[in-house]
Amino acid sequence: MAMKSVKSNKMRTFLTMLGIIIGISSVIMMVSIVQGVTRDVADQVAGAGTNMINVTLTGQGTTRELRMRDMNELVDEHPEIIRGIAPNISGRATVRQGTNNNTVNVVGTNPIFSTAQNVNAQIGRFINDEDVELRRNNAVIGTFNVQDLFGGRNPIGENIRLDGVLFTVVGVLEESAGGRQGSGDDRIIIPYPTAMSLFNSGRIGSYIVEATGPDTVGQAVTLTERFLLRELGSSQAFHIFNMQNILDMFDGIMGQMALMLGGIAAISLLVGGIGIMNIMLVSVTERTREIGIRKAIGAKRSSIMTQFLIESVVVSCMGGVIGIVLGAIGAIGIGNVIEVNAAPEFSIVLFSFGFAAFIGMFFGWYPANKASKLNPIEALRFD
């Protein structure tokens with residue numbers, strides 16, 4: 001009987017469902033896109049290394065300077081928790097090769113940097129311990145620099161100049177950002193003692209601490225903080241953060257954004273629910289004689305109420321199904337345009353369908369209750 005009533009007024013039913021369709025499809029698209037962006041960022045952070053802990057030395061409240069040999073004591077004391085420590089000396093330098101020149105980011109570090117930040121050489125090799133110990137002028141360059149300086153030819157063994165100092169290219173980094181200028185593919189990595197000499201720097205202001213695994217990051221942070229406090233004597237002399245902190249913060253922000261966008265889309269569901277209530281009230285008025293006849297031949301109040309509730313839920317669920325299909329198509333289409341995997345998760349689809357059914361039941365209850373309370377004698381007299 002519910003399906004027969006829905007089919008008898010196709011246009012009215014569709015217009016009633018429209019608010020539900022728009023609301024559900026909007027929720028599906030918005031939440032799926034936000035989740036897709038979150039997953040994409042999480043993958044990038046994981047690729048950069050979630051075991052990585054960044055230490056920045058501010059120098060405030062202390063006159064002590066930490067050198068690399070001091071930081072290595074932390075590794076020697078806790079090898080089961082801390083795998084290694086890489087210095088991080090960054091600066092800008094003019095790179096020249098033949099008639100080609102540009103300004104590039106230069107990073108001075110040691111071999112631990114490769115595993116801590118998941119940076120490897122696709123051609124040649126990365127900086128090794130001998131390069132550091134012997135202060136060699138060896139360099140590993142990004143794929144953008146290969147194109148910019150060497151026109152794409154193999155640069156291994158070739159020479160470049162950084163601020164006029166001659167360096168030998170020993171490796172090319174794996175491409176990570178499409179070979180774009182200004183990205184991680186546009187940098188040159190050299191041994192940190194060489195970088196200190198190149199930039200005329202007498203101190204290392206930043207270190208990367210690599211934990212042995214994701215489960216030991218918390219312990220590594222605690223041990224590093226205790227070590228630095230012991231060596232420097234002031235908590236203001238350093239700052240510590242890791243990639244997991246950044247990921248948690250981003251997850252929180254994107255979660256709040258998903259709730260906000262979902263709440264905005266839910267307004268359409270509210271409007272759709274009001275539309276269902278309105279149409280069901282009209283339906284009760286139109287079918288007053290039918291209700292009176294059913295009651296006169298023995299229909300119980302619960303039967304009348306159930307009939308109209310089912311009609312309301314059927315209309316709402318049909319709108320929910322159409323909204324889910326349109327929302328999934330829209331989310332996947334937008335995801336393809338922005339290069340994000342925005343396919344809706346099953347939990348979101350299930351929640352959307354359940355919420356549509358709830359809307360139908362909630363806004364259909366009042367009309368159904370009104371129909372069930374009609375006096376059969378007065379209903380039979382209704383014209």
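The values are calculated or read from the model by the stated rules, or taken from the named source; none is laboratory data. These numbers were taken from a predicted model, which means no experiment stands behind them. Positions of Cβ are generated from backbone atoms using ideal geometry, with glycine treated the same way; all protein chains shown enter the neighbour counts. In case anyone asks, the SASA skips ligands and DNA or RNA and just uses the protein heavy atoms, side chains included. Shrake-Rupley method; radii C 1.70, N 1.55, O 1.52, S 1.80 Å.
Report the net charge of residues surrounding Gln307, where surrounding means a beta-carbon distance below 12 angstrom and charges are Lys +1, Arg +1, Asp -1, Glu -1.
Here the charged neighbours net out to +4.
Please name whichever of Ile264, Ile276, Ala343 sits farthest to the positive end of the charge dipole of the chain, dipole taken about the Cα centre and charges placed at Cβ: Lys and Arg +1, Asp and Glu -1.
So the residue we want is Ile276.
Report, in debye and to the nearest 20, how large the dipole of the chain comes out about its Cα centre when Lys and Arg carry +1 and Asp and Glu carry -1 on their Cβ.
In debye, rounded to 20, the chain gives about 2320.
For n ≥ 4 DSSP H runs only, could you compute -39500 (n - 2.57) per run for the chain, divide by its residues and tell me the 222 nm figure to the nearest 500?
Mean residue ellipticity at 222 nm (helix-derived): -19000 deg cm²/dmol.
Note the listed values [x] 21.2; [y] 22.3; [z] 26.0, then indicate which one is Kirkwood radius over Cα pairs in Å calculated from this particular structure.
[z]
Counting Lys and Arg as +1 and Asp and Glu as -1, what is the net charge of the other residues whose Cβ lies under 13 Å from the Cβ of Arg125?
-3
Evaluate E = 1/(1 + (r/R0)^6) for Arg39 and Ser183, where r is the Cβ-Cβ distance and R0 equals 30 Å; express this FRET efficiency to the nearest 0.05.
Between Arg39 and Ser183 the formula returns 0.90.
Mind checking which lysines have their C-alpha under 19 Å from Lys370, skipping anything on the same chain fewer than 8 residues away?
Lys295, Lys300
Within 14 Å, Cβ to Cβ, of Ile279, how many net charges do the neighbouring residues add up to if Lys/Arg are +1 and Asp/Glu are -1?
So the environment of Ile279 carries a net charge of +2.
By a straight-distance test (C-alpha under 19 Å), which aspartates and glutamates pair with Lys4 as possible cross-link partners, with residues fewer than eight away in the same chain excluded?
Partners within reach: Glu286, Glu290, Glu311.
With the other protein chains left in place, how much accessible area per residue, in square angstrom, belongs to segment 100-205 at a 1.4 angstrom probe?
So segment 100-205 comes to 44 Å² accessible per residue, rounded to a whole number.
To the nearest 0.05, what FRET efficiency results for Asn102 and Asn72 with a Förster distance of 30 Å applied to their C-beta separation?
Computed FRET efficiency for Asn102 and Asn72: 0.30.
For the chain, build the charge dipole from Cβ charges (+1 Lys, Arg; -1 Asp, Glu) around the Cα centre, then report which of Asn138, Gln236, Ala86 sits farthest towards its positive end.
Gln236
List the relative contact order of the chain as a percent without decimals, with contacts defined as Cα pairs under 8 Å and 6+ residues apart.
The normalised contact order for the chain reaches 29 percent.
Take each complete run of DSSP H in the chain, measure how far its Cα atoms stretch along the helix's own axis, and keep only those covering 24 Å or more with mean Kyte-Doolittle hydropathy at least 0.5; list them.
The answer, listed by residue number, is 10-48, 243-286, 301-337, 346-372.
For segment 170-248, calculate the relative contact order in percent as a whole number, restricting contacts to Cα pairs under 8 Å that are 6 or more residues apart.
Over segment 170-248, the number comes to 11 percent.
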